[in-house]
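Peer 1: Before we start, here is the structure in question, set down as structure tokens.
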2 protein chains.
Amino acid sequence: MGFWKSLFSGSQASPSPSVQIDAPAVEVSGNFNYNGHKSSESRIFFSTDREIDLYELEELCDAVGWSRRPLRKVKKALQHSFLVISMWEERGSVRRLIGFSRATSDHAFNATIWDVVVHPDFQHQGMGKALMKQVIKELRSQDISNITLFADPHVVDFYRTLGFMADPEGIKGMFWYPSR
Amino acid sequence: MGFWKSLFSGSQASPSPSVQIDAPAVEVSGNFNYNGHKSSESRIFFSTDREIDLYELEELCDAVGWSRRPLRKVKKALQHSFLVISMWEERGSVRRLIGFSRATSDHAFNATIWDVVVHPDFQHQGMGKALMKQVIKELRSQDISNITLFADPHVVDFYRTLGFMADPEGIKGMFWYPSR
């Protein structure tokens, strides 16, 4: 289980191409889902706690170049999301928010995933895939059968590798624009 | 204001091609939003009351050939939808459910519209358009800026006429499938 260590230890070794996203079942501890991969230096874990420091979340979104949004509205959106998943790196007593996603839902049939973000320092290492697998797992565990999202063109292939299909049976994602 | 009368009076006159979907501002009465068009025989109104008779809703969905869904789950979905809009015909003291739609949302940024249905007896008369305009109006009144939906191929053009755009800037609607 040296994978996480190789990724997150001080040496910052190149990530292995055989990144294991099919991780062992997560251990749950309080609000945190530990993924079981540990090293003496750092570990990565997921949390479904929606009481996230909004400034820390804003910093993460800044890092990927997203437009800033009013924190008041972000707070409201988190409160009313069906699922909030954050991904953290823990080094000693220091936790760093390195990924985030959330989903809206009717709690019965459909969920729509929004705001998938992984910090640039942790991209291209299987982290986005691990995050999305956790999101899907959580939604499935709550009996949501229809998991949807709207993908920017450059991430369509990424979502395909996770089992998402674009325009299945000709179904089109559509957005309403006020000016029309 | 003879439009609704011509549609819904006993004579069932052919609907005018100049159907007014840009109706006057709705009047609110209790949970019901009256659209201002009235006749002695019938009137059409919208409601945002989510306590809908589930059997009546099932009957409406049956009429358009949708697969039946467990009413327990439908009830849960209605409870956890951000917006539920139903469209009713009222003749004397008799109300008939003739249309329905709902939306999930984070209450801040995004909404996704699901389950848009108009009874076949009332299709091709501008009713679907009126229903959708009401949905958009309600969502906009609650400061939702990103209104989305997933459209079956045969209704993509219908939504286009309402200001929805398919795949804007290459954004793709995607669905997750368990078997992949």
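Peer 1: Too long at a 27 Å Cα-Cα cut-off: which of A:LYS133/B:LYS137; A:LYS75/B:LYS76; A:LYS75/A:LYS137; A:LYS75/B:LYS137; A:LYS76/B:LYS76?
Peer 2: A:LYS133/B:LYS137, as the Cα separations exceed 27 Å there.
Peer 1: Same structure again: For region B:54-95, state which chymotrypsin sites (Phe, Trp or Tyr not before Pro) are in a DSSP loop and have at most 15 other beta carbons lying within 10 Å of their beta carbon.
Peer 2: Here the sparse-neighbourhood loop sites are B:TRP66.
Peer 1: Sorted from shortest, what are the nm distances separating the label point of A:PRO153 from equivalent points in the other copies, each placed 7 Å from Cα along Cα to C-beta?
Peer 2: Its label point is 2.3 nm from the equivalent points in the other copies.
Peer 1: Continuing with this model, one more query. Sum up the charges of everything whose Cβ sits under 10 Å from the Cβ of B:ARG69, counting Lys and Arg as +1 and Asp and Glu as -1, but leave B:ARG69 out.
Peer 2: Charge balance in the 10 Å sphere: +1.
Peer 1: Which order, highest average first, do B:158-168, B:128-138 follow once you tally other Cβ atoms within 10 Å for each residue and take the mean per peptide?
Peer 2: Packing proxy ranking, top to bottom: B:128-138, B:158-168.
Peer 1: Using the 7 Å Cα-to-Cβ label point, sort the distances from A:TYR177 to its equivalents in the other copies shortest first and give them in nm to one decimal.
Peer 2: Counterpart label points of A:TYR177 in the remaining copies fall at 3.1 nm.
Peer 1: Still on this structure: Let me check against my output: what whole-number percent is the relative contact order of region A:31-180, with C-alpha pairs under 8 Å and at least 6 apart?
Peer 2: 18 percent
Peer 1: Determine which residues of region B:92-118 fall in the zone a paramagnetic label at B:GLU59 would reach in this model, i.e. backbone nitrogen under 16 Å from the point 7 Å along Cα→Cβ.
Peer 2: It comes to B:92-100, B:118, nothing else.
Peer 1: Would you tally the net charge around A:THR104, using a Cβ to Cβ cut-off of less than 11 Å, leaving A:THR104 out, and scoring K and R as +1, D and E as -1?
Peer 2: Surrounding charge for A:THR104 is -2.
Peer 1: Amide H to amide H under 5 Å from A:PHE82: which residues, 5+ apart in sequence or cross-chain, H placed 1.01 Å off N in plane?
Peer 2: The answer is A:ALA103, A:THR104, A:SER105.
Peer 1: Counting only other residues whose beta carbon sits under 13 Å from that of B:VAL116, what net charge do I get with K and R as +1, D and E as -1?
Peer 2: Once all neighbours under 13 Å are counted, the net charge is +1.
Just so you know, all these numbers are worked out from the coordinates, no wet-lab data involved. Since we're looking at a predicted model, the values are computed, not measured. Note that we place each Cβ from the backbone using ideal geometry, even for glycine, and neighbour counts take in every protein chain shown.
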